[in-house]
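The values are calculated or read from the model by the stated rules, or taken from the named source; none is laboratory data. The model shown is predicted, which means the values in this text are computed figures rather than measured ones. So basically every Cβ, Gly included, is an ideal-geometry build from the backbone, and we count neighbours across all protein chains shown.
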Amino acid sequence: MADKNQILIAKLDELDRRYAEITEQMNDPAVASNPGKFVPLTREYARLGTIVEPYRRYRQLARQREEAQAILDDPASEAEMRELAGAELDELRGQVEQALEHVKGLLVMGDDQEIDSVILEIRAGTGGEEAALFCADLLDMYRHYAEGRGWKFEILSASPTDLGGFREVIVNVKGEGVWSRLGYEGGGHRVQRVPKTEAQGRIHTSAATVAVLPEPQDVEVQINWEKDVLEHTSRAGGPGGQNVNKV
């Protein structure tokens with residue numbers, strides 16, 4: 001566990017250094033006057049800040065714990081100081097562990113925050129026309145949620161029904177933190193209600209499935225034809241004619 005924590009601390013120290021570098025760059029007038037450089041830096045600064053600031057709080061608590069432990073370990077410490085340090089140390093141990101676990105969670109979420117474009121697929125399940133209407137309700141719910149967060153919401157394809165429902169609809173949602181917010185929406189969704197298509201007031205259960213996938217990113221691939229490509233040529237031998245096609 002200690003080795004894992006050391007690797008984690010090294011990673012967090014690296015993020016802390018990058019955070020400090022960005023802070024310095026943003027204070028540079030030449031960068032601040034260049035939107036092409038300044039805007040990406042502000043985004044990275046905001047993303048890293050959600051991790052680095054709690055990490056700095058953890059380091060502060062860890063230093064306080066070490067100072068309290070040093071007082072207890074010092075034979076020359078006065079009895080009153082040792083008593084205060086002991087009480088503080090008991091409290092700090094829990095706070096330090098809690099702060100580190102909090103940072104670990106933020107670090108995992110930080111990776112999700114980098115995914116800012118997803119494909120949202122909603123498909124009607126069991127329930128016939130009512131399931132298609134439920135699919136439309138889910139679409140409206142996600143649309144309003146996206147609008148409230150300032151995300152871009154674009155319908156890529158849809159299979160509407162005569163009553164205003166959807167058998168299937170595929171949407172592209174873009175915005176900061178979209179994957180961390182919508183990534184767990186995937187799976188089956190059910191509703192129990194009196195459908196619009198029900199004349200006798202009976203409650204029906206309808207279902208729909210939702211899939212959320214990160215939008216594939218364009219990747220630039222460079223091929224070195226001398227090192228990466230092996231060309232091999234061959235010629236048919238032996239009897240000619242139709243026998244060549246059999247070989």
Restricting segment 4-36 to residues that are hydroxyl-bearing (Ser, Thr, Tyr) and without any contact (Cβ under 8 Å) to a residue 24 or more places away in the chain, which is nearest to residue 47 (Cα to Cα)? 23
Can you tell me which residue among 89, 106 is surrounded by 13 or more Cβ atoms within 10 Å (Cβ to Cβ), in a helix (DSSP H, G or I) and modelled with pLDDT under 85? 106
Between a residue in segment 156-182 that is without any contact (Cβ under 8 Å) to a residue 60 or more places away in the chain and any residue that is in a loop (DSSP other than H, G, I, E, B) and of a type in the set (Ser, Thr, Tyr), which pairs come within a Cβ distance under 9 Å, given they are 6 or more apart or on different chains? 163/197; 167/161
Within segment 129-143, residues under 12 Å from residue 196 (Cβ atoms) and surrounded by fewer than 16 Cβ atoms within 10 Å (Cβ to Cβ) come out as none
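Looking for whichever is closer than 30 Å to residue 59 by Cβ, surrounded by 14 or more Cβ atoms within 10 Å (Cβ to Cβ), not assigned by TED's automatic domain parsing to the domain that holds residue 54 and not aliphatic (A, V, I, L, M) here; the options are 151, 179. Which one fits?
It is 179.
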Quick check: anything in segment 58-72 surrounded by 13 or more Cβ atoms within 10 Å (Cβ to Cβ) and within 24 Å of the chain's Cα centre (by Cα)? yes
